[in-house]
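*Asks:* Handing you a structure now.
The values are calculated or read from the model by the stated rules, or taken from the named source; none is laboratory data. Predicted, not measured: the structure shown is a model, and the values here were computed from it. FYI the Cβ positions are ideal-geometry reconstructions off the backbone, even for glycines, and counts take in every protein chain you see.
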Amino acid sequence: MAHVNPATRQSLLAKLERAVADRVFPGATLGVGLRGQHLTLSAGRLSYDARALPVTSQTIYDLASLTKVVSTTTAAMILVDRGLLNINRRVAEYLPDFVPSNALGAGPLWSAREKVTVRSLLAHTSGLPAYERFFLRARKKSHVIEEALALPLEEVPGQKAVYSDVGFILLGEILERVAKQLLDAFCQREIFVPLGMRSTCFNPPAELLPRIAPTEQDNLFRKRLICGEVQDENAWAMGGVAGHAGLFGTADDLATFSQMMLQEGNADGKQFIQAKTVLEFTQALPCQLGDAHALGWGKRSEPSSSGRYFSPASYGHLGYTGTSIWIDPEKQLFVILLTNRIHPARENDAIRAFRPAIHDAVVEALLLQIN
């Protein structure tokens, strides 16, 4: 990034290093794009072990729920463009078991399942629960899907935005049936390879293991340190590939993706996704209650993990492992933060304060000084 002077670069790097010293996370990669130029900064190590390798721009992180936007939502946009997916159709048209034959006489929330659409899954307004520990019973993908299809609604569809892993598990299943191939294969062929995202994948192969940051020491379920396999237990039970979690990647790959989104679906002169589709999926949706959402993406609501300066046009997403991505088309800016804040234990939530602070620091350093 030509207009970033050494002092500014050092100031941002110092904030990352201070967070490592304060044990907010063992290490981190910060990716920033502004008006077509890109900067990557890294600090810390893969773990708190002094012998661990240092983090670099090529360190691979478990992206957690960034899967929902980089993989699942993007796949949905591509299928919409191709006329294969209609997000206004009812979920039951794609997944008939979502509305069992006895549902209509089983009470208002069971009858309301008929009204749940693919759009409401994307917008988190389906009324489905936020989370369910399927992994306690399920040991393969089909078991998780079967249980997810049978879960009762908790809200009337369309009235409240409740961020739902369950909804995205079912959305992933819909996309696979529409595309007639598994989600990881579709994303590899239609998203990652065309965009040159060479280090982004589900179930990373063994040769990538030295570059992967470990997540938590799981003493309750898998009884081992989680590294190179998805941390999310439900995604793990589904074989590592799911609509809500499972993706691994680097900040540089996500920068390529974010620049495509800033350019309204255009990448290297090719219209990868139609501009109107990108705009439709990233605009704020009306909802009576709950956090602001677009289709798949989150929108700013106060207080925001994107800090004080991102515009109302911005959209982003967080990942449980300590990852985030925020894109501001008005400022032509994106900020990617990849960490393994849950190493060695998920109870560490110091990143909550760090996220808005680093976004503010980026904007103050790069935008306020040159405007």
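*Asks:* Going through the stretch 295-308 one residue at a time, which ones are assigned to a loop (DSSP other than H, G, I, E, B) and buried (at least 19 other Cβ atoms within 10 Å of the Cβ)? Break it down into steps so the answer makes sense when it comes.
*Replies:* Narrowing the stretch 295-308 to residues assigned to a loop (DSSP other than H, G, I, E, B): 295-297, 300-308.
Within the stretch 295-308, 295, 296, 297, 300, 304, 305, 306, 307 qualify.
*Asks:* Just the residues that are out of contact with any strand residue (DSSP E or B) (no Cβ under 8 Å at 6 or more places or on another chain) and either part of a strand (DSSP E or B) or among the hydroxyl-bearing types (Ser, Thr, Tyr) (or both), please, taken from the stretch 320-349.
*Replies:* Of everything in the stretch 320-349, just one residue is out of contact with any strand residue (DSSP E or B) (no Cβ under 8 Å at 6 or more places or on another chain) and either part of a strand (DSSP E or B) or among the hydroxyl-bearing types (Ser, Thr, Tyr) (or both), namely 320.
*Asks:* Okay, next question. So if I check each of 255, 245, which one is in contact (Cβ under 8 Å) with a residue 12 or more places away in the chain, buried (at least 17 other Cβ atoms within 10 Å of the Cβ), within 15 Å of the chain's Cα centre (by Cα) and outside any helix (DSSP H, G or I)? Can you show your working first?
*Replies:* On the way: 255 fails: outside any helix (DSSP H, G or I).
Result of the check over 255, 245: 245.
*Asks:* Next question. Cβ-Cβ below 7 Å, separation at least six or inter-chain, first residue in the stretch 25-42 and in contact (Cβ under 8 Å) with a residue 24 or more places away in the chain, second part of a loop (DSSP other than H, G, I, E, B) and aromatic (Phe, Trp, Tyr): which pairs?
*Replies:* Hits for this filter: 26/48.
*Asks:* Which of the residues belonging to the stretch 153-196 are of a type in the set (A, V, I, L, M, F, W, C), touching a Leu at 6+ places or on another chain (Cβ under 8 Å), in a loop (DSSP other than H, G, I, E, B) and crowded, with 16+ Cβ neighbours inside 10 Å?
*Replies:* Answer for the stretch 153-196, where residues must be of a type in the set (A, V, I, L, M, F, W, C), touching a Leu at 6+ places or on another chain (Cβ under 8 Å), in a loop (DSSP other than H, G, I, E, B) and crowded, with 16+ Cβ neighbours inside 10 Å: 153, 162.
*Asks:* Right, here's the next one. Hey, among 128, 153, 175, which residue is touching a Lys or Arg at 6+ places or on another chain (Cβ under 7 Å) and among the hydrophobic types (A, V, I, L, M, F, W, C)?
*Replies:* 153
*Asks:* Please work out if residue 47 is part of a strand (DSSP E or B) and of a type in the set (S, T, N, Q). Give the steps one after another, and end with the answer.
*Replies:* Numbers: part of a strand (DSSP E or B): no; of a type in the set (S, T, N, Q): yes.
So residue 47 fails the test.
*Asks:* Note down all Cβ pairs under 7 Å where the first residue falls in the stretch 288-306 and is at positive phi, the second is part of a strand (DSSP E or B), and they're at least six residues apart or on different chains.
*Replies:* Qualifying pairs under 7 Å: 290/160; 290/161.
*Asks:* Go through the stretch 98-129 and give me each residue that's surrounded by fewer than 12 Cβ atoms within 10 Å (Cβ to Cβ) and either in a helix (DSSP H, G or I) or assigned by TED's automatic domain parsing to the domain that holds residue 281 (or both).
*Replies:* Within the stretch 98-129, 105, 108 meet the criteria.
*Asks:* Six or more apart or on different chains, Cβ atoms under 9 Å: show the pairs whose first residue is in the stretch 141-170 and at positive phi and whose second is buried (at least 16 other Cβ atoms within 10 Å of the Cβ) and part of a loop (DSSP other than H, G, I, E, B).
*Replies:* Matching pairs, first to second residue: 158/116; 158/123; 158/125; 158/126; 158/127; 158/287.
*Asks:* Another question, then. Does the stretch 35-47 hold any residues that are in contact with a helix residue (DSSP H, G or I) (Cβ under 9 Å, 6 or more places away or on another chain) and under 26 Å from residue 345 (Cα atoms), and which are they?
*Replies:* Scanning the stretch 35-47 gives 41, 42, 43, 44, 45, 46.
*Asks:* Search the stretch 130-152 for residues being of a type in the set (Gly, Ala, Ser) and in contact with a helix residue (DSSP H, G or I) (Cβ under 9 Å, 6 or more places away or on another chain), and hand back the single one that is surrounded by the most Cβ atoms within 10 Å (Cβ to Cβ).
*Replies:* Filtering the stretch 130-152 for residues of a type in the set (Gly, Ala, Ser) gives 130, 138, 142, 148, 150.
Filter again for in contact with a helix residue (DSSP H, G or I) (Cβ under 9 Å, 6 or more places away or on another chain), leaving 130, 138, 148, 150.
Values: 130: 12, 138: 20, 148: 25, 150: 10.
Going through the qualifying residues, I end up with 148.
*Asks:* If you check residue 62 against the conditions, is it surrounded by 14 or more Cβ atoms within 10 Å (Cβ to Cβ) and of a type in the set (Asp, Glu)?
*Replies:* Working: surrounded by 14 or more Cβ atoms within 10 Å (Cβ to Cβ): yes; of a type in the set (Asp, Glu): yes.
For residue 62, the condition - surrounded by 14 or more Cβ atoms within 10 Å (Cβ to Cβ) and of a type in the set (Asp, Glu) - is met.
*Asks:* So which residues in the stretch 258-294 are in a helix (DSSP H, G or I) and either out of contact with any Phe, Trp or Tyr (no Cβ under 9 Å at 6 or more places or on another chain) or assigned by TED's automatic domain parsing to the domain that holds residue 161 (or both)?
*Replies:* Listed by number, the residues that qualify are 275, 276, 277, 278, 279, 280.
*Asks:* Can you confirm whether residue 22 is surrounded by fewer than 17 Cβ atoms within 10 Å (Cβ to Cβ) and either of a type outside the set (Val, Ile, Thr) or within 25 Å of the chain's Cα centre (by Cα) (or both)?
*Replies:* yes
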